[in-house]
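Step one of this worksheet: look at the structure below.
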Amino acid sequence: MGRKPGYDTKKIAAIIDVLASHPDGLWLRRIAREAKLHHLTVSRYADSILKPLIEDTSLGGPKPLVRVIRLKPVVLEKLAGDKDIQKIMKLLQTMSELE
């Protein structure tokens, strides 16, 4: 029996918890280390399901040396107001579709 298809909500919550505790942002491997996940998993989630929630900055030339990721200010405000992360993701996905 294999793993269930789709994204793991525990991994999403772990990544968001790490990013919420560091509002200035962290580099990708540091996020992976603190969330106890593989760096490719964090990268894959940041490029897909978490894309509407984060700001991604690559530092370096054409091939980035460091990738710094942080939560958008709107998400940090909602998390401070004890909103459910599922509601925040739904709101930001709707906003990204309108753009």
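Of the residues that sit in the range 1-13 and are hydrophobic (A, V, I, L, M, F, W, C) and touching a residue at least 24 places away in the same chain (Cβ under 8 Å), which one is surrounded by the most Cβ atoms within 10 Å (Cβ to Cβ)?
12
So which residues in the range 52-85 are more than 13 Å from the chain's Cα centre (by Cα) and assigned to a loop (DSSP other than H, G, I, E, B)?
Passing the criteria: 60, 61, 62, 63, 64, 65, 81, 82, 83, 84.
Between residues in the range 38-56 that are closer than 20 Å to residue 86 by Cβ and residues that are open to solvent by 20 Å² or more (accessible area, probe 1.4 Å) and among the small types (Gly, Ala, Ser), which pairs lie under 6 Å by C-beta distance while being six or more apart or on different chains?
Partner pairs satisfying both residue conditions: 52/96.
Is there a residue being closer than 24 Å to residue 94 by Cβ and open to solvent by 50 Å² or more (accessible area, probe 1.4 Å) anywhere in the range 29-43?
There is no residue in the range 29-43 that is closer than 24 Å to residue 94 by Cβ and open to solvent by 50 Å² or more (accessible area, probe 1.4 Å).
Checking the conditions here, which among 16, 49, 88 is assigned to a loop (DSSP other than H, G, I, E, B) and either modelled with pLDDT of 80 or more or open to solvent by less than 40 Å² (accessible area, probe 1.4 Å) (or both)?
Values: 16 fails: assigned to a loop (DSSP other than H, G, I, E, B); 88 fails: assigned to a loop (DSSP other than H, G, I, E, B).
The unique qualifying residue is 49.
Pull out all pairs, ordered by first then second residue, where Cβ-Cβ is under 7 Å, the residues are six or more apart or on different chains, the first lies in the range 59-86 and is within 14 Å of residue 15 (Cα to Cα), and the second is open to solvent by 80 Å² or more (accessible area, probe 1.4 Å).
Listed by first residue and then by second, the contacts come to 68/27; 68/59; 70/24.
How many residues are within 21 Å of residue 58 (Cβ to Cβ) and open to solvent by 70 Å² or more (accessible area, probe 1.4 Å) when one looks only at the range 19-28?
Residues meeting the conditions: 2.
The values are calculated or read from the model by the stated rules, or taken from the named source; none is laboratory data. Here the structure is a predicted model, which is why all the values come from computation and not from measurement. Reconstructed Cβ throughout: ideal geometry from the backbone, glycine too, with neighbour counts over all protein chains shown. Quick note on the areas: whole protein, heavy atoms, side chains included, nothing else; ligands and nucleic acids left out. Shrake-Rupley method; radii C 1.70, N 1.55, O 1.52, S 1.80 Å.
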